[in-house]
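Note sheet for the following structure.
The values are calculated or read from the model by the stated rules, or taken from the named source; none is laboratory data. Please read these numbers as outputs of a predicted model, since none were measured by experiment. Glycine also receives a Cβ, built like all others from the backbone with ideal geometry; neighbour counts cover every protein chain displayed. Accessible surface is based on the protein model in full, side chains and every heavy atom, while ligands, DNA and RNA are left aside. Shrake-Rupley method; radii C 1.70, N 1.55, O 1.52, S 1.80 Å.
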Amino acid sequence: MIERVRLYSNENFPIAMVEHLRSLDCDVLTSYDADRANQGIPDDEVLRFATEQNRAVITFNRDDFVALHSRGDRHAGIIVCKDNRDYLGQVTILHAYLQEIDLLCDRLIRIKKQNQRGLSHPVFVVQEYGR
């Protein structure tokens, strides 16, 4: 289990999800907190900054961060969430997963929606990407 999760949320990540994560004792630094918002900072620099801060990036930007992970560069972790309004559902499944692992370093975790017939709410699952 990771003792205290340290995350860096980029600009497209909703503050409501940040607040949910913080309520679960996750240490989340936002791009706004770090004075790095609204500057058009390229994703590879976002990842480098987060890694220098020993924080995993948490984002909705799947394609670009999957590509960065695939390059093989070392990083403190990447978590990609689904652009879905069920913020609490995603944070809940992510938090449960983070309680089961020892570290995020060089891992890419994706929270994705699993469609199931007859359910009135989305079901989220965790998928880990290899390199």
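With the structure loaded, tell me whether E52 is of a type in the set (D, E), under 17 Å from L7 (Cβ atoms) and without any contact (Cβ under 8 Å) to a residue 12 or more places away in the chain or whether it fails that test.
Here the answer is yes, as E52 does meet what is asked.
Filter the stretch 88-128 down to the residues that are of a type in the set (G, A, S) and at pLDDT below 90, then identify the one that is nearest to the chain's Cα centre (by Cα).
Here the residue is S120.
Could you please tell me which pairs satisfy a Cβ distance under 6 Å, a separation of 6+ or placement on different chains, a first residue in the stretch 1-13 that is without any contact (Cβ under 8 Å) to a residue 40 or more places away in the chain and closer than 13 Å to R36 by Cβ, and a second residue that is open to solvent by less than 70 Å² (accessible area, probe 1.4 Å) and not β-branched (V, I, T)?
Between residues of the stretch 1-13 that are without any contact (Cβ under 8 Å) to a residue 40 or more places away in the chain and closer than 13 Å to R36 by Cβ and residues that are open to solvent by less than 70 Å² (accessible area, probe 1.4 Å) and not β-branched (V, I, T), the close pairs are E11/S31; E11/A37.
How do the strands (runs of 3 or more DSSP E) wholly within the stretch 1-95 filter down when requiring 2 or more residues that are open to solvent by less than 40 Å² (accessible area, probe 1.4 Å) and over 15 Å from L108 (Cα atoms): which remain?
Output list reads 27-30.
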